[in-house]
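The structure appears right after this line, and notes come after that.
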Amino acid sequence: MIIPFGWMILTSFKTVTEATQIPVVIFPAHPDWSSYAKAFEKSDFTHYYLNTAFAALMKTLFPVIFSSMAAYAFARIRFPGRTLLFFIIISVMMVPNPVFYTPQYLLMSKWGLVNTVTALWICSLVSPFATFMLRQFFLGISKELEEAAILDGCNPFQTFRYIMLPLVKSALVAIVIIQLLWSWNELQWPLIINSSPDKLTLSSGLATLVSMFGTNYPVLMAGAIMAVIPMILLFFIFQKRFIEGVAFSAHKG
Amino acid sequence: MNSRSRYVWAYAMIAPTLIGTVLFWSWPAIYSIYLSFLKSENFGMINHWIGLANYEKLFKDKEFWKNLRNTLYYTVLFVPVTLVFSTLFAVLLNAKIKGQSVYRVIFFLPQVTMPAAAAMVWIVLFAHDYGLINFVLGTDVAWISDKHFAMIALVIVGVWGAIGFNMLLILAGLQGIPRSLYEAGEIDGAVGLRKFRYITLPLLTPTLFFTTVVLMIGATQIFDSIYLLIGKTNVALPAVRSLVYAYYQNSFVYYDQNYGAAIVDILLIINLILTGVQFAFQKKWVVYD
């Protein structure tokens, strides 16, 4: 399972010849860092990073805020049309993602957003998946605290913000991590919507590094390592919550 | 507070998600179906209604049937292999062994790795002359450019990436099985594999069902690893090209977005059928208590 990671690291410190030598060279004779600098110098790597980080932030922040509000309303307030509106939102979860891409592309081109950083995140301002998952969490919380808040004269938003939201903190953390991870690694949409070098993400940018550096594997591996480091760190720090979040979604299906 | 103003609050709180969903997801899904009945010119400025012509062309297209076959072939290989390995590792990790969390992290690492980065190292590992895999196995196979092996390479990379997540789901399912059942089973003489076969497996079926449905939906949408690992000029591409890859090519390389829309609409129907069949057969093998 971890051999590919080891190989990635070893290769990034090799010379170009060592990387493609026969018989295979496992450990580089004189490990050097220069490939890391080269990936930055000879490509728009800094742009890839900034675009990816910005888009991932937007695709996490907005959906989490909007979804938690909607999820609370769906779980806790009875109002006319509740079932139908919830059905409208979750029904898109059944549709394979590529089905959305052409119409979304046409919409972006109508709004003049093709080849902009905005196009990377604007279609993901809301998340039916996060709404569904958070609703499950809210459904699992006992009603008593909430009733006390209502008696004290809190309006539904205040009840949500001050009483209920703190109770689902761990679910929020899990969703934040899942959204970040998914946005960071997403390939197909960035590939479709942006083609100019300074608008690419790490994911789509790495694909162009291949055509730039051909078989200069040390530079490619250095780029790959730098692209995965933020998510691996995030995973290590929030490992427990992350795994809980995944395990939870299995149970509630 | 009266119910009228509670309603207003509720609508206000769901409004952003509802509007966003309809604008960015529901409407595009419907529009995609509409697009497949059109012939567009001038980048979608002029549209003619051509009825089922795109679908007719699709069904007569030999390449489409090949792509469909490839997609289903990948699914048929990938799903069972992932399920078996994920279950195996989950059972092993469920036994009280030292350093459990270290193993969980190791299995989960591929899941958090960017597909583009993972694909790069796999290209090096699979390389014909200087690749580690041929070196270790002593084989002489052009893994990703031989049409007989390219699909296997894709399945290996797919399974490697999927085990972590699915193992966790199954592990969560295993931990939900009450200890007392095993104790009762032991009294009745269930040991080793029999314990697994008659106690663990039946109680795990709801988790396995959920996992299978999710895995299948994901597998039919395979695109990233074909794009990254095989690449557009590879001679093995026709042997692995999936429906989503063909959709991408037709819509955004050849700019025939109507034909592309027809391809993904077929994928939508396939997914609805596969999920429907799964739910229909659920009764046959899934045990709910």
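The values are calculated or read from the model by the stated rules, or taken from the named source; none is laboratory data. Computed from a predicted structure; not experimentally measured. Neighbour counts run over all protein chains shown; Cβ positions are idealised from the backbone, glycine included. Heads up: the accessible areas ignore ligands, DNA and RNA and are worked out on the full protein's heavy atoms, side chains in. Shrake-Rupley method; radii C 1.70, N 1.55, O 1.52, S 1.80 Å.
Looking at A:LEU220, A:LEU202, A:LEU234, A:LEU209, just one residue is open to solvent by 30 Å² or more (accessible area, probe 1.4 Å) and either at pLDDT 90 or above or more than 7 Å from chain B (Cβ to nearest Cβ) (or both), and that residue is A:LEU234. For the structure I just gave you, tell me whether B:SER251 is within 11 Å of another protein chain (Cβ to nearest Cβ), under 25 Å from A:ILE193 (Cβ atoms) and touching a residue at least 24 places away in the same chain (Cβ under 8 Å). Here the answer is no, as B:SER251 does not meet what is asked. Total residues in segment A:82-112 satisfying the condition of being open to solvent by 10 Å² or more (accessible area, probe 1.4 Å) and within 21 Å of the chain's Cα centre (by Cα): the figure is 8.
Within segment B:156-179, restricting attention to residues that are within 17 Å of B:LYS96 (Cα to Cα) and either open to solvent by 30 Å² or more (accessible area, probe 1.4 Å) or not aliphatic (A, V, I, L, M) (or both), the residue that is farthest from the other protein chains (Cβ to nearest Cβ) is B:ARG179. Within segment B:238-258, the set of residues being open to solvent by less than 10 Å² (accessible area, probe 1.4 Å) and part of a helix (DSSP H, G or I) comprises B:VAL240, B:LEU243, B:VAL244, B:TYR245, B:ALA246, B:TYR247, B:SER251, B:ASN258. Considering only segment A:144-182, state which residues are among the hydroxyl-bearing types (Ser, Thr, Tyr) and either within 11 Å of another protein chain (Cβ to nearest Cβ) or under 26 Å from B:ASN2 (Cβ atoms) (or both). If the condition is that a residue be among the hydroxyl-bearing types (Ser, Thr, Tyr) and either within 11 Å of another protein chain (Cβ to nearest Cβ) or under 26 Å from B:ASN2 (Cβ atoms) (or both), then A:THR159, A:TYR162 are the ones that fit.
For the criterion of being facing chain B (nearest Cβ under 8 Å) and polar (S, T, N, Q), A:GLN136 fails. Residue count for segment A:125-150 satisfying the condition of being of a type in the set (Asp, Glu) and in contact with a helix residue (DSSP H, G or I) (Cβ under 7 Å, 6 or more places away or on another chain): 1.
Across segment B:206-216, the qualifying residues are those that are among the β-branched types (Val, Ile, Thr) and either more than 13 Å from chain A (Cβ to nearest Cβ) or under 15 Å from the mean Cα position of the chain (by Cα) (or both), and the one among them that is nearest to B:PRO80 (Cα to Cα) is B:THR212.
Restricting B:ALA153, B:ALA119 to residues that are surrounded by 18 or more Cβ atoms within 10 Å (Cβ to Cβ), within 25 Å of the chain's Cα centre (by Cα), within 11 Å of another protein chain (Cβ to nearest Cβ) and of a type in the set (A, V, I, L, M) narrows the list to B:ALA119.
Kindly state which helices (runs of 4 or more DSSP H) lie completely within segment B:1-80 and contain at least 3 residues that are more than 9 Å from every other protein chain (Cβ to nearest Cβ) and more than 30 Å from A:PHE157 (Cβ to Cβ). Spell out how you get there, then give the answer.
On the way: elements: B:3-21, B:27-35, B:53-60.
Helices (runs of 4 or more DSSP H) meeting the threshold: B:53-60.
Do we have any residue at all in segment A:119-130 that's assigned to a loop (DSSP other than H, G, I, E, B), open to solvent by 40 Å² or more (accessible area, probe 1.4 Å) and out of contact with any Pro (no Cβ under 8 Å at 6 or more places or on another chain)? Checked against the condition, which is being assigned to a loop (DSSP other than H, G, I, E, B), open to solvent by 40 Å² or more (accessible area, probe 1.4 Å) and out of contact with any Pro (no Cβ under 8 Å at 6 or more places or on another chain), segment A:119-130 yields no hits at all.
Residues considered: B:PHE78, B:PHE24. Of these, the only one that is touching a Cys at 6+ places or on another chain (Cβ under 6 Å) and open to solvent by less than 40 Å² (accessible area, probe 1.4 Å) is B:PHE24.
Only one entry of A:LYS38, A:LYS14 meets the criterion of being open to solvent by 50 Å² or more (accessible area, probe 1.4 Å) and of a type in the set (Lys, Arg), and that entry is A:LYS38. Output the residues belonging to segment A:158-193 that are touching a residue at least 12 places away in the same chain (Cβ under 8 Å) and either touching an Asp or Glu at 6+ places or on another chain (Cβ under 8 Å) or exposed (fewer than 15 other Cβ atoms within 10 Å of the Cβ) (or both). Listed by number, the residues that qualify are A:THR159, A:TYR162, A:ILE163, A:MET164, A:SER170, A:ALA174, A:LEU187, A:GLN188. Of the candidates B:THR211, B:THR275, B:THR207, the single residue that is surrounded by fewer than 22 Cβ atoms within 10 Å (Cβ to Cβ) and among the polar types (S, T, N, Q) is B:THR275.
Count of segment A:3-26 residues, restricted to those that are under 34 Å from the mean Cα position of the chain (by Cα), in a loop (DSSP other than H, G, I, E, B) and modelled with pLDDT under 85, is 2.
Every residue, every condition in (1) in contact (Cβ under 8 Å) with a residue 40 or more places away in the chain; (2) within 30 Å of B:THR211 (Cα to Cα); (3) not assigned by the TED database to the domain that holds B:THR233, yes or no:
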site	(1), (2), (3)
B:MET45	no, no, yes
B:GLU63	yes, no, no
B:LYS66	yes, yes, no
B:LEU83	yes, yes, no
B:ALA90	yes, yes, no
B:VAL102	no, yes, no
B:THR113	yes, yes, no
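Let's see how each residue does on (1) closer than 26 Å to A:LEU181 by Cα; (2) modelled with pLDDT under 95; (3) open to solvent by 30 Å² or more (accessible area, probe 1.4 Å); (4) within 11 Å of another protein chain (Cβ to nearest Cβ):
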| residue | (1), (2), (3), (4) |
| --- | --- |
| A:ASN51 | yes, no, no, no |
| A:ALA56 | yes, no, no, no |
| A:SER67 | yes, no, no, yes |
| A:ALA70 | yes, no, no, yes |
| A:ILE77 | no, yes, no, yes |
| A:PRO80 | no, yes, yes, yes |
